[in-house]
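Written below as structure tokens is the structure these notes are about.
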Amino acid sequence: VPAPPAAAAAAPAPAAPRPAAPKVANNAPGAIPLPVARAAAASVGGGAAVAVAEAPSGGAFVPVTPTRTNTPPIYGAKIGPINEPKDRFTKPEFVYPAITTDGWGILMHDQALNAHKGHLGFRWGKYCALRNAIDENEGGMEKFSRGYETMGFTRDDKGITYREWAPNAKSAALFGDFNNWKTDAGGTWMKKNDFGIFEVFLPNNPDGSPAIPHGSRVKIHLEIEGQKAVDRIPAWIKFAVQAPGEIPFNGIYYDPPPEEIYQFKYERPDTPDELRIYEAHVGMSSVEPKINSYVEFADDVLPRIAALGYNAVQLMAVQEHAYYASFGYHVTNFFAVSSRCGTPDELKYLIDTAHSYGITVMMDIVHSHASSNSLDGINQFDGTNGQYFHDGPQGYHWMWDSRCFNYGSWEVLRFLLSNLRYWMEEFKFDGFRFDGVTSMMYSHHGLQMEFTGNYGEYFGMSTDVDALVYLMLANDMLHNLYPGKAVTVAEDVSGMPTLARPVHEGGVGFDYRLQMAIADKWVEVLSEWGSDEGWDMGNLVFTLENRRYGEKCISYAESHDQALVGDKTTAFWLMDKEMYTHMSTLSDDHPVISRGIAIHKMIRQLTMGLGGEGYLNFMGNEFGHPEWIDFPRGDRTDISTGKFIPGNGNSYALCRRRFDLADMDHLRYKYMNAFDSAMNNVAARFKYLCSNHQYISLKSDEDKVIVFERGDCLFVFNFNPNQSFSNYRVGCKHAGQYKLVLSSDNPEFGGYSNLWTYSAPEIKADEYQHANRPASMLLYMPARSVAVYAPVDVAAKAMA
């Protein structure tokens, strides 16, 4: 069989030699004509930022910078006006669903759970008892989870009320700018009730203005029996700011006038059937070396996310945190928006802008632990170790130097459940990625623990049942109060069974769990497996499909973890120092760059296609962002070892995202960016991620080929570094005509046009059994490429 001619003369020739002749599959009965003519129809694989009128060549493809004016809502978005009346939960027609099941539905999905019915029954019983207690003592879950409307600062037309839970304190006074920081006899002293809650009412000034001006600094002064008095930022504070030249944050009374309060315009999107998440950190999202703002993110970055086709954005570091380099995971003020990036109302603008694109907005929420800071956090708030946290070893995470919550405390439950409601109600978030769930679920916090999959590791004395019950309550609340509008994802490395099964079945209630082993596998592949010829296709496939039946997963090739200094991104593993000198399209192809771009595309598509029911990407990695993330830091001395640790001069140079690289016509980053958009577009239109059909028909180590079906799509990967294949027979589930809907060999993706969607003819699949499939067809597969096919009728409908 002769080698296939290039489909377009204008396509760039590879610098590395291509195979002289493609290999013919040994079971291919006959031959098919190879693509030579350019098709008139455009490919499905063109997203908003990659749209072209003519069949593009690699050199002719010019990226377009997405903006608010040139970027439409994402594919399939239904945009409507905001429709969430404040009184919707107090109307007679609203009834919080009662518990109507026995919690044993989980046994239908996993028979191994039968051996642990005692533990699971205890967990279910504790959940039911708490639900009933909340109904009896707090007026139900809906009311209980609105603690932010009674705790902290609240205001009506008569004045301001401030309440704080501090059971160990004998007396408390509110002080700040409003009363010249008085804590003497003339200060604003509070009354304590039987439940340890202090309260004070401050009537309006004679002119009707609030007793505490908007923007004022405030603190609570707590006097403790047998201890020195402590001053704290209110635990329910809505805003905290670090003054120039100061280290601790200041609590701010945030109560802007009506004209400064952002009014939402757009309704929440329905929860997507298949999540495609863009993980983002607002502060480091600027092209410039600075901390970016919520407004700039909304205007400059959200259009990029929409153009790429992601249907969800996951915002990191939203809750206030004193240490910027913690990536937002050492939270000090749980109800406060991170002030580095702007005000609460500017964050609301960001979220509403995302909704105008049809994008779901998730918060990376931290309820697994808290900063050990006491001056500006909630650690030792009332002078004790055990107010919000466990007292003793269980209350301290030595690896993170942080405090771990006591989920068996009534007021801690109020605090955390109300925290979820606050972000959902006041900011219109659409769900949460719960961080550090492994640490929550076990008294050992997963430290120095290697989980083997033995069920005794999950259901034993080291399991924190109180934490699991809290998570059940949280998921139950979110899904019942916001049906079809709230999504939850768990970050868990242990593999806890039932984590992503509904609460009414006896599960913990998450919609998805993160498939964290996949990113580790890709690091192993790229750092340890050596040359491409030695890659083990079966090993790859096993890791990608190894997940619990009936529990949906979010797959990712890399997240923010792999981008941090000390680690490497996929692109950096693949191309390393060559990225500094050979990414220009004005120079000849370099074999390291050609390989790197090709495999980068394949890794991402294989991870999305096979790894789960959802997909995640960290911002910038879609186009192979160079370098690593290095937060600004000064020189320091390790207090435990005395070792000097040099900083980076407090530079923001490596704490930003160079989106401009993907916009430059002469840089090859544009190819990876364009492919990511196309990959998302195909996923959005064919919805294969939420399909129940997944079948792997081939994982050939000899040929380095993987073939699988997902939904209506057929995915064909050729990881072979040297050998293209012609007339290669692959199995499929239906006979008929198939269309090529995505090819990494398209020139606008940095390919060589040997197999591209503008020239490939329809392929006929015959009722010829192959690879345990009822039908099969013969394909051309360029080396280091991925192609996606779909039945012609399905493709026509999807492309309409």
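The values are calculated or read from the model by the stated rules, or taken from the named source; none is laboratory data. Because the structure is a prediction, the values reported are computed rather than measured. Neighbour counts run over all protein chains shown; Cβ positions are idealised from the backbone, glycine included. SASA here: full protein model, heavy atoms, side chains in, ligands and nucleic acids out. Shrake-Rupley method; radii C 1.70, N 1.55, O 1.52, S 1.80 Å.
For segment 441-501, the Cβ-based charge dipole about the Cα centre amounts to some 260 debye (Lys, Arg positive; Asp, Glu negative; other atoms uncharged). Looking at segment 711-787, the accessible area is 27 square angstrom per residue; that uses a 1.4 Å probe and ignores ligands, DNA and RNA.
Give me the Debye-computed log₁₀ of I(q)/I(0) at q = 0.06, 0.11 Å⁻¹ for the chain, equal point scatterers on Cα only, no solvent, two decimals. Scattering profile of the chain, log10 relative to I(0): -0.41, -1.26. For segment 52-159, lysine pairs with C-alpha atoms less than 30 angstrom apart, excluding pairs fewer than eight positions apart on the same chain, total 10. Rolling a 1.4 Å probe over the protein heavy atoms gives segment 331-469 an accessible area of 25 Å² per residue.
Counted over segment 77-165 with a bin width of 10 Å, the fraction of Cα pairs per bin, in whole percents, is 12, 26, 27, 22, 11, 2.
Where both partners of a DSSP beta bridge lie in the chain, what percent of those bridges are antiparallel, to the nearest 5? Antiparallel: roughly 70 percent of the beta bridges in the chain. Here segment 246-404 is treated with +1 on each Lys and Arg Cβ and -1 on each Asp and Glu Cβ, and its dipole about the Cα centre works out to around 320 debye.
The residues neighbouring Tyr96, those whose beta-carbon lies less than 10 Å from its own, together hold a net charge of -1 under the Lys/Arg +1, Asp/Glu -1 convention.
Among residues other than Arg232 with Cβ under 11 Å from its Cβ, the summed charge is -3 (Lys and Arg +1, Asp and Glu -1).
For segment 609-719, the residue among His666, Pro632, Ala678 whose Cα projects farthest onto the positive side of the dipole built from Cβ charges is Pro632.
Each part gets one Cα centre, and for segment 623-649 versus segment 341-386 those centres are 25 Å apart.
Comparing Cα centroids, segment 669-712 and segment 400-448 end up 35 angstrom apart.
Using C-alpha pairs under 8 Å with a sequence gap of at least 6, the mean separation divided by the residue count of the chain gives a relative contact order of 16 percent.
Taking label positions 7 Å along the Cα-Cβ direction at both Gln737 and Asn83, the computed distance is 4.1 nm, reported to one decimal. The trypsin sites (Lys or Arg not before Pro) of segment 727-800 meeting both criteria, a DSSP state outside H, G, I, E and B (loop) and at most 16 other C-beta atoms within 10 angstrom of the site's C-beta, are Lys733.
Annotation: per residue accessible area for segment 626-672 equals 51 Å², rounded to a whole number [probe 1.4 Å, protein chains only].
Length gained on full extension, Glu149 to Ala129: 4.7 nm, using 0.36 nm per residue less the C-alpha separation.
Split the accessible area of the chain by element, probe 1.4 Å, and carbon with sulfur accounts for 52%.
Along its principal axes, segment 109-260 has C-alpha extents of 66, 45, 36 angstrom, given from the largest down. Only DSSP H runs of four or more residues enter the estimate; each adds -39500 (n - 2.57), and after division by the residues of the chain the mean residue ellipticity at 222 nm equals -6500 deg cm²/dmol. Considering only Phe618, Phe572, Gly649, the residue lying farthest towards the positive end of the dipole of segment 571-668 is Gly649, judged by Cα position with unit charges set on Cβ. Pairs of Lys residues in segment 446-593 that lie 8 or more places apart, or on two chains, and have C-alpha atoms under 28 angstrom apart add up to 6.
Take every pair of alpha-carbon atoms less than 8 Å apart whose residues are at least six positions apart; their mean separation over the length of segment 177-310 yields a relative contact order of 14 percent. Separation of segment 125-186 and segment 215-290 by C-alpha centroid, Å? Each part's Cα centre sits 18 Å from the other's.
Given charges of +1 on the Cβ of Lys and Arg and -1 on the Cβ of Asp and Glu, with all other atoms neutral, how large is the dipole of the chain about its Cα centre, in debye to the nearest 20?
Numbers: 70 positive and 94 negative charges, 213 e Å.
Here the size comes out at about 1020 debye.
Based on Cα contacts under 8 Å between residues 6+ apart, segment 563-664 shows a relative contact order of 27 percent.
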